[in-house]
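The block underneath contains the structure these notes are about, expressed in structure tokens.
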Ligand code: BES
Ligand code: MN
Ligand code: MN
């Protein structure tokens, strides 16, 4: 983990200093960096790029910020460009910018891997601010998100439902969060047929983790898809599509991250988190195409494709959440490959009903996370009509509107008038490309900050 501190003046020993270069020129000019020097070093305005320019005993890192200067993105890019042989100095104009620098520099770092020696950076970042500023909370929350990314990055031979449940306990330790773990017997007793049906094919049984934080105020229920590996089950995925399916628990991990961070911040809201955990495997015990499952709210589902498993575990989770009559329900899930077809790799899809949708949009605006509101056309519901059960989980042969149908399926498990936001992060939950904004390669932890922000504004 990198170390971040604040001070009111720059160090006198050699250091690296980051300077933003926007489309309209350098945003700070007092470092003796001329246009000639910028040209000589091919300094680029493109967001995230960096040029190194020697200035006396120090190195200036000229960071491209494009047309919109976002302090946290700037700090993240500076951290990625810096050498860890000398401290990195970020000069803030005020306390608010210093806090954004603190958040961005922690979030921008490469995620450490327990499987690789020296993968953790030990860069020291010094945030210089004219006023005294307390950045401890920003650092703490950002470090929680980095730890959640590490969890999401774990391969499936190191993370299975019960292991993830135990990790949830470890994360909650020392915080005012109650953790309840339901094993397969309890899931049976509680009629969670979706989670059980998906988990049946694996020798590693499913779990449900209930996290309770009571901060007073409005009640938020968070529900996360936690498939520790998604082979597709008997509707087996082709080899290439299966790569990356260790990330299919990102939604549940994000719910954990949001509850932990809210407790660290002392957010004034009641939050109940549901992590719906299963491993989707093919075997002699696995759910077959055509099997009918009865989910927690009593609805029966004819499973035509065992690879559309996320909606089955979330159906139980959303029904459990709805029973508590919370003010808002938010679910996070790597639900559909169609999310990427529709939105590319950086935008998450937002669907839902009631006030939560607007709340999510506003929160994403504030955190700078990319979220796009998608429709849920009601005429698509009939695609899920079943001869045998209340509904099917997919329409066989249909590829149109895959993300929207996912949303429509889930809407059957929340009240008609619910304030409900569904976040499909199959697109942006992991980053197979170069780092961008405050996101490294691998798990991004996207939407954790947005969900925290939502809980602050109820
Ligand atoms: N976990 C996948 C969705 C996914 C795909 C996430 C690619 C990240 C990257 C999900 O369980 C799934 O397999 N969905 C199917 C749904 C289909 C069978 C209706 C899909 O997207 O193909
Ligand atoms: Mn699947
Ligand atoms: Mn899946």
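The values are calculated or read from the model by the stated rules, or taken from the named source; none is laboratory data. Every value quoted in this text rests on a predicted model; they were computed, and no experiment measured them. Cβ placement follows ideal geometry from the backbone for every residue including glycine, while neighbour counts extend to all protein chains displayed.
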So, first residue touching a residue at least 40 places away in the same chain (Cβ under 8 Å) and under 10 Å from residue 409 (Cβ atoms) in the range 373-394, second residue assigned to a loop (DSSP other than H, G, I, E, B) and within 16 Å of ligand 3 (Cβ to nearest atom), Cβ within less than 6 Å, six or more apart or across chains; the pairs are 392/304; 393/303; 393/308; 394/304; 394/305; 394/308
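Listed here are the residues, each with its yes/no results for (1) without any contact (Cβ under 8 Å) to a residue 24 or more places away in the chain; (2) part of a helix (DSSP H, G or I).
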residue	(1), (2)
166	yes, yes
169	yes, yes
174	yes, no
188	yes, yes
195	no, yes
202	no, no
Flagged in the range 327-336 as within 21 Å of residue 417 (Cα to Cα) and within 14 Å of ligand 3 (Cβ to nearest atom), in numbering order, are 331, 332
Looking only at strands (runs of 3 or more DSSP E) that lie completely in the range 236-315, which have at least 1 residues being crowded, with 17+ Cβ neighbours inside 10 Å and within 15 Å of ligand 3 (Cβ to nearest atom)? 270-280
Quick one: is residue 267 over 22 Å from residue 407 (Cα atoms) and within 22 Å of the chain's Cα centre (by Cα)? yes
In the range 82-96, residues that are over 13 Å from residue 20 (Cβ atoms) and surrounded by fewer than 19 Cβ atoms within 10 Å (Cβ to Cβ) total 7
When residues of the range 137-162 are limited to those that are farther than 20 Å from residue 447 by Cα and without any contact (Cβ under 8 Å) to a residue 40 or more places away in the chain, the one surrounded by the fewest Cβ atoms within 10 Å (Cβ to Cβ): 157
(1) more than 21 Å from residue 442 (Cα to Cα); (2) within 12 Å of ligand 3 (Cβ to nearest atom) all hold for residue 229 apart from (1)
How about the range 62-81: which of its residues are farther than 16 Å from residue 438 by Cβ and surrounded by 24 or more Cβ atoms within 10 Å (Cβ to Cβ)? 62
Exclusive hit being within 16 Å of ligand 1 (Cβ to nearest atom) and assigned to a helix (DSSP H, G or I), set 332, 341: 341
For residue 28, state whether it is part of a loop (DSSP other than H, G, I, E, B) and under 22 Å from residue 84 (Cα atoms). no
Inspect the range 215-234 for any residue being within 14 Å of ligand 2 (Cβ to nearest atom) and without any contact (Cβ under 8 Å) to a residue 60 or more places away in the chain and give the result as yes or no. yes
On the basis of being at pLDDT 95 or above, surrounded by 19 or more Cβ atoms within 10 Å (Cβ to Cβ) and farther than 28 Å from residue 282 by Cα, does residue 177 make the cut? yes
Selected residue [within 16 Å of ligand 1 (Cβ to nearest atom) and modelled with pLDDT of 95 or more] from 282, 326: 282
Only one of these is closer than 30 Å to residue 441 by Cα, surrounded by fewer than 23 Cβ atoms within 10 Å (Cβ to Cβ), touching a residue at least 60 places away in the same chain (Cβ under 8 Å) and away from ligand 3 (no atom under 16 Å from the Cβ): 324, 343. Name it. 343
